[in-house]
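To start, the structure itself, in structure tokens.
What follows draws every value from the coordinates through simple rules; no lab data is involved. Nothing here was measured: the structure is a model prediction, and the numbers come from that model. Every residue, glycine among them, receives a Cβ derived from its backbone with ideal geometry; neighbour counts consider all protein chains shown.
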Amino acid sequence: MNFSKIYALGLRHIYLISNSLPRIIDLIYWPTVQIFLWGFISKFFTLSSDYYSNTVGIILTAAILYDFLFRISISFNMMFLEEIWSRNFTNLFIAPIRISEIITSLTLTAILRALIGLVPAAILAIPLFGVSVFKLGLPLLFLLLPLYLFGVTLGLLVTSGLLRFGPSFENIAWASLFFLAPLGCIYYPIEILPYSLQIIAKGLPLVHIFEEMRNILLNNTVNYLDIIKSISISIVYFILGVIIFYSSYLGAKQRGTLINMGE
Amino acid sequence: MFIQIKNLSKLFKKNLAVDKINFHIEKNKTVGLLGPNGCGKTTSIGMMLGLIEPSEGEIIIDNKNLDSFKRDEILTRINFCSPYIELPKKLTVKQNLEVYGRLYGVKNLSERILEISEDLDIKNFFKRKTGELSSGQKNRVSLAKSLINKPEILLLDEPTASLDPDIGDFVRSYIQEYRSKNQVTILLASHNMNEVERLCDSIIMMKKGKIIDRGTCKEIIKKHGRNNLEETFLKLARSQDELQ
């Protein structure tokens with residue numbers, strides 16, 4: 001791994017963001033809207049239902065964590081799509097940078113993009129709704145790690161699709177996360193799902209992450225087994241994502257689509 | 001031989017884009033790759049750049065098979081310029097050169113950027129976004145990117161397409177000057193026959209994925225009894241199944 005090249009590719013995306021104020025605003029705008037929306041919905045539930053009393057923190061924390069996953073995945077996809085939109089794809093793939101370095105650079109830059117959007121929104125939730133995601137303490141990092149890995153994995157799968165099917169796969173990029181959200185049990189416990197879907201859901205790291213988040217907030221205890229399970233499942237998916245990315249890259253070389261990939 | 005192409009073929013499903021071509025390029029020579037649209041020029045260049053996997057054959061660079069190089073090892077020595085690919089539009093000219101200079105591991109990058117931007121006269125729009133430039137300006141920036149690493153092998157795909165005669169002449173003159181001052185082997189794909197006559201030591205004519213003729217411009221013009229390369233090109237492009 002050549003970190004200078006990883007930095008160079010990251011720099012391309014840092015310049016892209018820093019050159020454009022609307023781009024920075026766009027990064028911050030959507031997470032903030034999300035926090036406002038879920039903050040007010042949670043407040044309404046608290047005031048109108050006994051069942052939902054004391055849930056503002058849970059729903060809003062879930063919204064912030066889910067948005068972290070969403071931002072990581074979308075950032076990864078966006079950075080790859082930027083190369084296609086700007087017709088820079090060929091230049092990138094003829095530069096002396098290894099595929100592993102491209103993946104590493106996109107992975108590292110994705111978290112930067114996600115944090116630019118999410119940190120202001122998470123801070124805003126403290127005075128507005130009295131909810132601080134940071135109250136989770138150290139376990140917050142253990143919840144973010146599998147979310148980060150799974151977000152990158154989804155990014156890898158979508159970019160593999162872009163390599164395989166070309167820019168027309170772009171629409172799937174936007175839909176990918178919404179497809180998994182119902183099975184992720186982000187805002188509700190897994191028992192809500194029909195039994196058959198529960199089995200599928202348990203194969204995703206999201207269920208374990210969000211179940212554990214609720215456990216920490218409600219019971220003030222940390223179940224490290226659940227955390228280890230979510231990290232392990234995420235690592236398996238991540239490895240699978242990397243293998244699929246490599247195989248799509250080799251397939252694109254066979255089909256000759258790398259040379260004329262563009263809008 | 002610095003570059004050797006042996007029995008190189010590429011089959012896309014049922015379309016044989018490149019059909020067992022053989023040629024070589026000696027070090028520091030410029031070879032023109034000519035042929036009508038769809039004859040396999042871009043596919044051949046794509047295979048040399050490692051962007052397209054050959055179905056058959058070998059690409060040997062500096063006595064070493066392309067497959068045996070590590071991807072980054074060989075690509076550090078090559079670069080490519082084409083008006084059909086672009087640099088990130090939202091980055092300034094300087095930022096683009098900096099990013100690509102770093103990707104190519106260029107030493108003393110600031111000095112190199114300064115040197116090449118003075119040579120190609122792009123310094124006055126250094127801080128402008130690449131997407132805001134005219135075709136001629138973009139073309140020079142793209143050429144600057146392709147020379148940032150002082151490549152040993154430079155692949156040029158229609159480097160002056162869509163340029164006005166003045167800028168086109170500037171680019172051709174620059175390539176000539178650059179070649180005389182630097183050790184560089186060039187493969188030039190072009191539809192501009194005057195450009196090919198001016199820049200190339202020899203040419204390779206392709207048609208329907210095969211090489212149909214090769215030699216110096218003068219040899220080929222004489223062989224086909226025409227007055228210039230343009231007429232020769234038309235004769236070869238329009239002839240039926242004329243193989244070498």
Distance between the C-alpha centers of segment A:1-76 and segment B:27-75? Whole Å please. 45 Å
Taking neighbour Cβ counts within 10 Å as the exposure measure, how do A:Val236, A:Val222 sort from fewest upward? A:Val236, A:Val222
Determine the gain in length on full extension of the stretch B:Gln183-B:Asn124; use 0.36 nm per residue of separation and subtract their C-alpha separation, reporting nm with one decimal. 18.4 nm
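Take each complete run of DSSP H in chain A, measure how far its Cα atoms stretch along the helix's own axis, and keep only those covering 18 Å or more with mean Kyte-Doolittle hydropathy at least -0.5; list them.
A:3-18, A:21-48, A:56-85, A:99-129, A:138-165, A:170-184, A:205-219, A:224-255
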Helix-only estimate, please: 222 nm mean residue ellipticity of chain B, summing -39500 (n - 2.57) across DSSP H runs of length 4 or more and dividing by its residues, to the nearest 500. -10500 deg cm²/dmol
With a 10 Å cut-off between alpha carbons and a GNM built on chain A, which of A:Ser105, A:Ser75, A:Ser168 moves the most? A:Ser168
Looking at segment B:45-91, which chymotrypsin sites (Phe, Trp or Tyr not before Pro) are DSSP coil and have at most 15 other C-beta atoms within 10 Å of their C-beta? B:Tyr84
For B:Lys218, the aspartates and glutamates lying under 13 Å Cα to Cα, once residues fewer than eight places off in the same chain are dropped, come out as B:Glu197, B:Asp201, B:Glu230, B:Glu231
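Can you give the longest run of chain B that contains no trypsin sites (Lys or Arg not before Pro) sitting in a DSSP loop with at most 10 other Cβ atoms inside 10 Å?
By the stated rule (loop sites, at most 10 other Cβ atoms within 10 Å), B:128-244.
Let's test the formula: R0 of 51 Å, r as the Cβ-Cβ distance of B:Ser55 and B:Asp169. What FRET efficiency results, to the nearest 0.05?
0.80
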Would you mind checking segment B:29-48 for residues with the amide N under 17 Å from a putative spin-label position 7 Å along Cα→C-beta of B:Phe12? B:35-48
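Summarise the partner chain shielding of A:79-89 as one whole number: the mean count of Cβ atoms from other chains within 10 Å of each residue's Cβ.
Details: counts 0, 0, 0, 3, 1, 0, 3, 9, 6, 10, 3.
Going residue by residue through A:79-89 and averaging, the value is 3.
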Count, for each residue of A:10-22, the Cβ atoms from other chains sitting within 10 Å of its Cβ, then give me the mean as a whole number. 4
Averaged over B:48-55, how many beta carbons belonging to a partner chain fall within 10 Å of each residue's beta carbon? 5
Excluding A:Ser247 itself, what net charge comes from residues whose Cβ is under 14 Å from its Cβ, given Lys and Arg +1 and Asp and Glu -1? +2
Which value at 222 nm does chain A reach when only helices count, each DSSP H run of 4 or more adding -39,500 (n - 2.57), with the total divided by all residues and rounded to the nearest 500 deg cm²/dmol? -27500 deg cm²/dmol
Coordinate range along principal axes, alpha carbons of segment B:82-150, Å, largest first: 29, 22, 18
Considering the Cα trace of segment A:3-255, what is its radius of gyration and what is Dmax, both in angstroms? 18.9, 61
Dipole of segment A:3-255 [Lys/Arg +1, Asp/Glu -1 at C-beta], most positive-end residue of A:Pro31, A:Ser234, A:Ala110: A:Ala110
So if I average 1/r over every pair of distinct C-alpha atoms in segment B:24-172 and take the inverse, what Kirkwood radius in Å does that give? 16.5 Å
Using a simple spin-label model with points 7 Å from Cα along the Cα→Cβ vector, what separation in nm is obtained for B:Glu26 and A:Ile24? 5.8 nm
Pairwise Lys count, segment B:82-150 - Cα closer than 12 Å, eight or more residues apart or different chains: 10
If I fit a long axis through the Cα atoms of helix B:93-103 and take the longest principal axis of the Cα atoms of chain B, what angle between them do I get, 0 to 90°, rounded to 10? 70 degrees
Need one word for the protein assembly as shown: rounded, prolate or oblate. Basis is the Cα gyration tensor (sqrt eigenvalues a ≥ b ≥ c); a/c below 1.5 gives rounded, then a/b vs b/c decides. prolate
Semi-axes of segment B:1-66's equivalent ellipsoid from the Cα gyration tensor, sqrt of 5 times each eigenvalue, largest first, rounded to whole Å? 20, 14, 9
